[in-house]
Amino acid sequence: MKNKYSIFSLIKNAFSYHENWEKAWKDPEPKKEYDAVIVGGGGHGLATAYYLAKKHNMKNIAVVEKGWIGGGNTGRNTTIIRSNYLWDASAGLYDHALKIWEGLSQELNYNVMFSQRGVMNLAHNLQDVRDLKRRTHANRLNGIDAVYLNTEEVKKFCPIINTSQDIRYPVLGGTLQRRAGTARHDAVAWGYARGADEMGVDIIQNCEVKGIKRNGDTVEGIETTKGFIKTKKIGVVAAGHSSVIANMAGLKLPLESKPLQALVSEPVKPIIDTVVMSNAVHAYVSQSDKGELVIGAGTDDYVSYSQKGSHDIVEGTLNAILELYPIFSRMRMLRQWGGIVDICPDASPIISKTSIKGLYFNCGWGTGGFKATPGSGDLFAHTIANDEPHKLNAAFNINRFVSGDLVDEHGAAAVAH
Amino acid sequence: MFLINCPFCGEREQSEFKAGGEAHIVRPKQPTELSDDEWAEYLFMRKNIKGIQFERWNHVHGCRKWFNMVRDTSNDQIKAVYKMGEKPPIK
């Protein structure tokens, strides 16, 4: 049993200069065999392992990670959490996650710094206004909080926005989800890792998957850089590298992996206390607890695993940011980076069984996976443990690309993909 | 950001081009005979290779012509550029 983090443990450890804190997770070598192996130690993978152990009593499991946990897209996203999606299937999926977020710090005994500061989405033309009003109504019918704001209300909620009607893309209105917000991305991975480790899950870092061993249509195990691991169930949560793993198993997925860029500014005093996103001009911004502006740019349109992305994408985003927030005109950017996101043709994820028995995929989250981390883990764990999807992820099966029953969130979600 | 040697215009910045995805996916000859699985394969399933990939590009802010390219997607290095209808110069 791990020591509980509390004010008392903080005081106790202060007496030994914080040098004797218990390790949050072990660093084991892989065993020869597990009941299930999760490939990918990001937030989604660690959450999957956590819920497999906690809700489905599968304790003999491992998470294998090629680098270090939380070092991929978990550490590269802009930490926005919301559930204001248009379609019923998406609304159910993302609001399930949001409900778990609301109690996650208490459940994990780990402060994930979940902050319900609200997410506002702007409308810049009449079609935007119609779409956003439609989405607001759809959200409310699904029990998701949403309000439509006119230009004055947008200005009141976030006073630094330029609401002049003379700019190239004037602000005509917006939607607001007050339960939405941000969380500390690293803490989510670390909190789930600590929780899973406590229940006996092996978290194996620096262990890259090199091959998937099959016997006919059934999986037998994985080849890794730390040797062969025998297992009957493999859950792949490899984000941008999902297709690479799928190819090892002889599968093709409906995915394209592309760079998605983000950047942060130098830290400044609190200036924006919410998250503002704009679909039409593709700019979104929030402020971290350190004071940096966190800015999300768009994806490049070509397949790449280089984690770079093009300069013109960043330039386009900053143009839009500066027109909407003239106050930022002299801010300097500190860092820029890219993450590789796996995008489905319908911009919705896949949480599904495959044609190979024992091989499960959780992928296709594209540009918006972070917000779904707890829900994704919970539903993927259910799918792996029962070999059947939960009703909330049934629509997100891989067969929808054969049946044509797509969950077409392209442009229907609150942000451009 | 990288430079692309358009077979019609010469070397230009990548931002002048539009990526058209995986190349050499052959349109079905008998679309009415296709099963749902075959349609899914043609429309949606992609190799999405990390490494040498054959792909289509369009010089959308230039000559607006389509052409093929071989590129290493792990580091964005271009290996070859060739015109539509031509055989790939490397395997």
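Things worth noting here:
- DSSP bridge pairs, chain A: antiparallel proportion in percent, nearest 5: 70 percent
- Listed by chain and number, the aspartates and glutamates whose alpha-carbon sits under 20 Å from that of A:K133, ignoring those within fewer than 8 places in the same chain, are A:D88, A:D95, A:D145, A:E152, A:E153, A:D408, A:E409.
- Sequence-distant residues sharing a close amide H with A:K357 (under 5 Å, placed H): A:T218, A:V219
- In the elastic network of chain B, a GNM with C-alpha springs shorter than 10 Å, the most mobile of B:V26, B:V81, B:V70 is B:V26.
- Among the chymotrypsin sites (Phe, Trp or Tyr not before Pro) in the range A:8-65, those placed in a DSSP loop whose Cβ has at most 11 other Cβ atoms within 10 Å are A:F15, A:Y17.
- Charge dipole of chain A about the Cα centre (unit charges at C-beta), most positive-ward option of A:I384, A:I7, A:C363: A:I7
- Other residues with beta-carbon under 10 Å from the beta-carbon of A:G71 carry, at +1 per Lys or Arg and -1 per Asp or Glu, a net charge of 0.
- Under 13 Å from the Cα of A:K353 - aspartates and glutamates, other chains or at least 8 residues apart: A:D217, A:D387, A:E388
- 19 Å Cα-Cα threshold exceeded, pairs from A:K99/A:K391; A:K55/A:K371; A:K32/A:K226; A:K31/A:K66; A:K2/A:K26; A:K4/A:K26: A:K55/A:K371
- Across the range A:112-122, computed HN-Hα scalar couplings (Karplus, 6.51 cos²θ - 1.76 cosθ + 1.60, θ = phi - 60°) run 8, 6, 5, 10, 8, 8, x, 10, 10, 10, 8 Hz from first to last residue, x flagging Gly and Pro.
- Dipole magnitude of the protein assembly as shown about its Cα centre (Cβ charges: Lys, Arg +1; Asp, Glu -1), debye to nearest 20: 420 debye
- Partnerless cysteines, meaning none of the other Cys C-beta atoms lie under 4.7 Å away, in chain B: B:C63
- Applying the Karplus relation 6.51 cos²θ - 1.76 cosθ + 1.60 with θ = phi - 60° to the range A:184-194 yields 3J(HN,Hα) values of 7, 5, 4, 4, 5, 5, 5, x, 5, 4, 5 Hz, where x marks Gly and Pro.
- Annotation note: trypsin sites (Lys or Arg not before Pro) in the range A:302-411 located in DSSP loop regions with a Cβ neighbour count of at most 11 within 10 Å are A:R330, A:R332, A:K391.
- For the range B:3-83, the relative contact order is 31 percent, taking Cα pairs closer than 8 Å that sit 6 or more residues apart in sequence and dividing their mean separation by the residue count.
- Just checking the listed ones, A:A97, A:A280, A:A347: in the Gaussian network model of chain A with Cα springs under 10 Å, the one fluctuating most is A:A280.
- Exposure proxy for A:W337, A:W87, A:W68, A:W101: other Cβ atoms within 10 Å of each Cβ, ordered fewest to most, give A:W68, A:W337, A:W87, A:W101.
- Reachable lysines, given that their alpha-carbon falls under 22 Å from the alpha-carbon of B:K79 and they are not under 8 places away in the same chain: A:K258, A:K308, B:K18, B:K47, B:K50, B:K65, B:K87, B:K91
- Between B:V81 and A:F228, the C-beta separation translates, for a Förster distance of 41 Å, into a calculated FRET efficiency of about 0.50.
- GNM remark for chain A: springs join alpha carbons under 10 Å apart, and the peak mean-square fluctuation among A:D166, A:D301, A:D202 falls on A:D166.
- Here the Karplus curve 6.51 cos²θ - 1.76 cosθ + 1.60, taken at θ = phi - 60°, turns the phi angles of the range A:391-408 into couplings of 5, 6, 10, 4, 5, 9, 7, 6, 6, 5, 7, 8, 6, x, 7, 6, 9, 7 Hz, with x standing for Gly and Pro.
- Net charge of Cβ neighbours under 11 Å - reference A:H382; Lys, Arg +1; Asp, Glu -1: -1
- Histogrammed with a bin width of 5 Å, the alpha carbon distances of the range B:3-83 distribute as 3, 14, 23, 19, 15, 12, 8, 5, 1 percent, first bin at zero.
- Axis of helix A:88-108 versus longest Cα principal axis of chain A: the two differ by about 70°, to the nearest ten degrees.
- Normalised by the number of residues in chain A, the average gap of Cα pairs under 8 Å and 6 or more apart makes the relative contact order 22 percent.
Just so you know, all these numbers are worked out from the coordinates, no wet-lab data involved. Computed from a predicted structure; not experimentally measured. Backbone-built Cβ (ideal geometry, glycine too); neighbour counts: all protein chains shown.
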